[in-house]
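All of the numbers you see were taken from the coordinates with simple rules; none came from a lab. Here the structure is a predicted model, which is why all the values come from computation and not from measurement. Positions of Cβ are backbone-derived with ideal geometry, glycine not excepted, and every protein chain shown enters the neighbour counts.
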């Protein structure tokens, strides 16, 4: 997308140069395009909340984070590692669960959401190393919500086992944010 934007900006600049009368206008347009490109390159990813908000697969998660009033926390300095359930993961919960949590039981919702957050910046390679170092029992992950879940490798995939014995598979990793990293999971983890 960035290359396409640069290419379009370059083509537009060439068209303006070809039609422009004064040389000053050429330089001004080129300088403005260059400054815009530099600003875009220096922005980098936003916070975890910004990154999740920009991904349609996390719209339910973003709604839940907002309802539980955790947006400011997850936009904070961090770093945080978030094991982020997709919309499909939330859709797999029993009918009405998400609506009830979002509209009536934000305390439980907050507990569930903070169960998916870990302090620190755990990249996929870090998680794999920790699993390998932990042996057959798997790696115990401490969450900011005060609970734990276990990470292990099953059939070549990283699988998280929650406090209820439920499992979630990590489907995508290392989505970087300015204050941490997101790993995508296919099931909502339950703290109890």
Quiz item: Can you tell me the Rg and Dmax of region 115-179, counting just the alpha carbons, in angstroms?
Solution: 11.5, 34
Quiz item: Which whole-number value in Å³ per residue fits the convex hull of the alpha carbons of region 48-185?
Solution: 102
Quiz item: Order of 168-179, 109-120 by packing, highest average Cβ count within 10 Å first?
Solution: 109-120, 168-179
Quiz item: Residue separation times 0.36 nm, minus the C-alpha to C-alpha distance between residue 132 and residue 97: what's the value?
Solution: 9.0 nm
